[in-house]
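Note sheet for the following structure.
The values are calculated or read from the model by the stated rules, or taken from the named source; none is laboratory data. What you see is a predicted model, and the numbers here were worked out from it, not measured in a lab. Cβ sites come from the backbone with ideal geometry, for glycine too, and all protein chains shown count toward neighbours.
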C-alpha cells in the first residue's frame, strides 16, 4: 500500500502576547479572538498551566489555502484596526505567525513590498515556522 500524496499545508495567524489578560486585548482591539488563554489556564493538550497570555486571530481559511491567501485575509481585518493595534505595540508582542508543512523537495516564502509595508505599519514581527514532512509517516 502506498501513502497518499503529500500536500502542502500552510496557514497564518495574528498573535498577541504580553502582560494582562486576553480580555484586555479583546477590549482594546474590539475583535473576538479565534483562540486565547491567560496565565494559569490549563492547556488541554498537556494538562499543564499556561505560562503566558495569548490572543490569536486566524485567517479563517483552510490550511490547504496558500500562505499568501491567509496573510491577505488577515491584513484585510488587521488594517481596519491599525490604530488599535498600534496602541498595543509598546506593551505587547505582536506577531504574524506563518506555519507550513512541506515535502522534502523544499519550500519557501515570498513577501511582496506591500505586505511588508503593511506589517511594518502595524508594528508586527514576522515568524516563519516551516517543517519538513518526510515521504513516510507524513500524517500530521
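Listing for the model above:
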{"item": "Test: residue in region 51-67 that is assigned to a loop (DSSP other than H, G, I, E, B) and over 23 Å from residue 109 (Cβ atoms)", "result": "yes"}
{"item": "Qualifying residue in region 76-95 (condition: part of a loop (DSSP other than H, G, I, E, B), modelled with pLDDT under 95, more than 29 Å from residue 133 (Cβ to Cβ) and under 17 Å from the mean Cα position of the chain (by Cα))", "result": "yes"}
{"item": "Which numbered condition residue 73 fails, given (1) assigned to a helix (DSSP H, G or I); (2) crowded, with 16+ Cβ neighbours inside 10 Å; (3) touching a residue at least 40 places away in the same chain (Cβ under 8 Å); (4) within 16 Å of the chain's Cα centre (by Cα)", "result": "(3)"}
{"item": "Residues being part of a loop (DSSP other than H, G, I, E, B) and either modelled with pLDDT of 95 or more or touching a helix residue (DSSP H, G or I) at 6+ places or on another chain (Cβ under 9 Å) (or both) - total across region 96-108", "result": "0"}
{"item": "Of all residues in region 17-39 being on the phi > 0 side of the Ramachandran plot and under 19 Å from the mean Cα position of the chain (by Cα), the one that is surrounded by the most Cβ atoms within 10 Å (Cβ to Cβ)", "result": "18"}
{"item": "Region 53-67, residues that are surrounded by 15 or more Cβ atoms within 10 Å (Cβ to Cβ) and modelled with pLDDT of 95 or more", "result": "53, 54, 55, 56, 57, 58, 59, 61"}
